Amino acid sequence: MERATAKKRIEKLREEIRRHDHLYYVLDKPEISDEAYDKLYKELETLENKYPELVSSDSPTQRIGGEPLKAFKTVTHKTPLLSIDNVNSQEDLVDFDRRVREGLGKAKIEYVAELKIDGLAVSLIYKKGKFAQGSTRGDGVHGEDITHNLRTVKAIPLSIKGNEDIEVRGEVYLPYDEFVKLNEARKEKDEAIFANPRNAAAGSVRQLDPKETAARPLNIFVYTGVIPKLKKHYEVLEHLKKLGFKVNPNIKVCDGIGEIWKYIQHWEKKREALPYEIDGIVVKVNDLAAQAKLGYTARAPRWETAFKYPPIQAVSIIEDISVQVGRTGAITPVAQLKPVHLAGVMVKRATLHNEGEIRRKGIKIKDHVKVQRAGEVIPEVVEVIKGKRTGHEKEFIMPKTCPVCGAKIFRPEDEAIARCTNISCPAQVMGRVIHFTTREAMDMEHVGPALVSQLIENGYVKDAADLYTLTKEDIMKLERMADKSAQNIIDSIKASLDRPFDRLLYALGIRLVGKRTAQLIADYFHDIDELAKASADELSKIREIGPKIAESIVNFFRAKENQGFIEKLKKAGVRVRGYEVRGMGPLKGKTFVFTGGLKHYTRPEAEEIVRKLGGSASGSVSKRTDYVVAGTEPGSKYEKAKELGVEILMEDEFVKLISKHKYRVETGD
């Protein structure tokens with residue numbers, strides 16, 4: 001292909017890819033499949049590699065690039081990013097309206113109400129229509145230059161329609177489902193979990209390596225910009241949409257403070273159904289000339305306020321601090337709380353993450369503390385109420401030996417987590433065996449933590465492979481064990497022999513290998529022997545698997561005790577091979593989401609059936625979802641599906657659908 005022809009093709013590909021990015025990430029209305037998009041992207045990448053002089057900074061291929069930064073540069077904002085004054089009651093809101101009306105000499109004001117996204121405020125500067133600089137709010141006057149990281153956020157356009165210089169401001173956030181997945185992955189890696197989506201978003205955009213930011217599915221809503229000649233704030237938002245920016249769809253123009261109050265009440269009831277977190281409602285005078293007339297105080301606009309919803313928190317007393325030992329030896333301090341109701345649940349414990357967090361927050365035994373739920377994990381201690389101290393509080397001292405086995409506790413200098421150094425520690429063994437039996441792993445329905453504890457204490461089980469050598473007679477010897485219960489246990493262990501390959505890989509408990517990583521590995525390697533021989537370089541070729549994960553996998557299979565464990569699994573008859581056919585079949589390209597309790601399958605089983613038939617299973621509902629399968633007592637995903645018009649299948653309809661295809665996947669047996 002000649003250079004001139006290549007240039008035209010490159011420009012056409014960029015325009016087409018930008019259009020599809022906008023449809024997918026901003027409008028949530030994709031027109032083509034992922035495969036078709038990847039084909040366009042690959043063609044552009046190939047042409048740009050061949051003609052590097054034609055690469056431009058706003059090309060879709062240039063979202064991620066460059067070496068990790070050593071530090072962020074400081075940016076001085078042309079116009080300060082001021083704070084917003086808060087109100088917490090209807091009375092305060094009415095008082096705000098009174099001040100605005102008096103300041104403008106009007107009887108009634110037109111306002112714009114917007115959801116207050118709980119994320120990180122950023123400034124985006126475009127020069128001649130190209131994204132030139134992105135920065136954090138910082139102290140309002142000076143922020144940090146995070147341009148390279150913000151380029152990885154797919155909802156931020158690298159170029160906009162028109163050729164104008166413009167600054168827009170928005171809120172970068174992490175969708176709630178992605179926040180939960182991120183915390184689950186961090187737990188599996190024994191890393192400190194994020195307290196809330198806002199902290200996760202802030203931590204993500206402040207990574208010195210843009211590739212780390214790119215690995216987290218951040219999003220953005222733009223909420224303001226300076227557009228000459230426009231007279232209303234709402235008109236500015238509509239214009240920003242036309243330029244290609246993502247603006248929240250729930251914004252409303254309200255005639256007077258009464259309508260604002262109805263809007264606030266509506267979203268207080270509905271906010272938990274949103275796929276992202278909000279902590280209040282922002283109220284702005286719509287008329288831009290009126291905004292200018294009202295002006296600013298030293299720290300905040302007079303024409304804007306934020307109604308803050310009460311946080312989901314509770315106050316309790318730390319009666320003691322204990323430590324628990326995880327399956328990888330991680331030592332986690334846990335606060336034993338005076339029981340307190342929190343979000344409808346009686347809470348008795350809260351995570352303290354690690355010793356460094358205890359010191360940073362100044363937590364002591366007998367302290368009064370604020371506790372909040374942090375996603376789908378146990379609650380965490382947010383802060384100490386130091387004004388309630390009596391002088392009887394005690395410092396917590398991390399034990400130097402494991403409370404379970406007595407082995408030395410060691411914390412590497414570059415890690416926050418302390419660990420028990422004894423791989424045979426009963427707590428670690430128990431943790432590994434319990435992990436192996438969970439629904440997401442080998443799904444041994446009738447093998448729970450209490451049973452595992454008894455089996456280990458009585459010497460029947462030293463590792464998870466020993467479960468397959470158990471007999472009904474062994475089980476019957478345990479406390480309070482009836483004939484039928486023992487048979488159910490044996491049956492559920494036997495049923496796990498044929499679990500999919502990716503479930504086995506997850507069940508092995510390889511450090512840094514979660515459910516998603518296990519699926520990627522199973523798609524790449526045919527069986528466990530092939531995987532065991534793989535080098536770190538070969539593993540790093542798999543998408544989403546970096547050097548640390550690759551090294552962890554190599555080290556796992558290099559260890560003699562793990563080699564022996566896998567041989568025991570083989571002898572027991574556990575499936576150690578993958579499926580020959582993946583990503584093909586009658587459900588190819590279809591995305592399913594499951595909600596509620598299922599009668600015929602466990603959720604992992606249903607998701608695996610979908611994958612065998614060529615489809616994909618997701619944990620969240622969007623306009624790209626093809627089917628939501630509803631079991632008993634479906635949750636917010638069911639309501640979200642109705643709201644978006646996604647087709648809902650009851651479980652029996654799902655069973656008919658998959659039975660209709662009569663599609664058999666080759667298993668490699």
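Structure notes:
- Helices (runs of 4 or more DSSP H) contained in region 255-368 and holding at least 1 residues of a type in the set (Asp, Glu) and touching a residue at least 12 places away in the same chain (Cβ under 8 Å): 257-270, 355-361
- If you go through region 604-621 and keep only what is in a helix (DSSP H, G or I) and either touching a helix residue (DSSP H, G or I) at 6+ places or on another chain (Cβ under 9 Å) or at pLDDT below 80 (or both), you end up with Pro604, Glu605, Ala606, Glu608, Ile609, Val610, Arg611, Lys612.
- Residue match in region 223-243 (condition: outside the structural domain of Leu27 (by TED's automatic domain parsing), aromatic (Phe, Trp, Tyr) and assigned to a helix (DSSP H, G or I)): yes
Every residue, every condition in (1) farther than 22 Å from Lys154 by Cα; (2) in contact with a strand residue (DSSP E or B) (Cβ under 8 Å, 6 or more places away or on another chain), yes or no:
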position: Arg206; (1), (2): no, yes
position: Ala214; (1), (2): no, no
position: Gly225; (1), (2): no, yes
position: Asn250; (1), (2): no, yes
position: Ile264; (1), (2): yes, yes
position: Trp267; (1), (2): yes, yes
position: Ile281; (1), (2): yes, yes
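- The residue of region 446-466 that is nearest to the chain's Cα centre (by Cα), among those that are part of a loop (DSSP other than H, G, I, E, B) and surrounded by fewer than 16 Cβ atoms within 10 Å (Cβ to Cβ), is Gly448.
- Close pairs from region 539-564: first touching a residue at least 12 places away in the same chain (Cβ under 8 Å), partner basic (Lys, Arg), Cβ under 6 Å, at least 6 apart: Ser552/Arg511
- When Lys73 is tested against (1) at pLDDT below 90; (2) touching a helix residue (DSSP H, G or I) at 6+ places or on another chain (Cβ under 8 Å), just one condition goes unmet, and that condition is (2).
- Yes/no for Ile358 being among the β-branched types (Val, Ile, Thr) and surrounded by 14 or more Cβ atoms within 10 Å (Cβ to Cβ): yes
- Flag for Ala330 being within 30 Å of Gly406 (Cβ to Cβ), small (Gly, Ala, Ser) and modelled with pLDDT of 85 or more: yes
- Condition met for Lys108 (assigned by TED's automatic domain parsing to the domain that holds Gly244, over 30 Å from Asp255 (Cα atoms) and over 33 Å from the mean Cα position of the chain (by Cα)): no
- Criterion: within 30 Å of Glu608 (Cα to Cα) and within 35 Å of the chain's Cα centre (by Cα) - qualifying residue of Thr401, Thr471, Thr438: Thr438
- So Leu54, is it in contact with a Phe, Trp or Tyr (Cβ under 7 Å, 6 or more places away or on another chain), touching a residue at least 12 places away in the same chain (Cβ under 8 Å) and not basic (Lys, Arg): no
- Within the set Ile160, Ile166, the sole residue that is β-branched (Val, Ile, Thr) and either farther than 21 Å from Ile227 by Cα or touching a helix residue (DSSP H, G or I) at 6+ places or on another chain (Cβ under 6 Å) (or both) turns out to be Ile160.
- Residue in region 130-140 that is among the charged types (D, E, K, R) and under 21 Å from Tyr296 (Cβ atoms) present: yes
- Single residue of region 591-603 satisfying the filter (crowded, with 16+ Cβ neighbours inside 10 Å and not in a helix (DSSP H, G or I)) that is modelled with the lowest pLDDT: Tyr601
- The lone criterion from (1) within 30 Å of Phe436 (Cα to Cα); (2) crowded, with 16+ Cβ neighbours inside 10 Å; (3) in contact with a strand residue (DSSP E or B) (Cβ under 9 Å, 6 or more places away or on another chain) left unmet by Arg327 is number (3).
The values are calculated or read from the model by the stated rules, or taken from the named source; none is laboratory data. On a predicted model such as this, the values are computed, not experimentally measured, just so you know. Cβ: placed from backbone, ideal geometry, glycine included. Neighbour counts: every protein chain shown.
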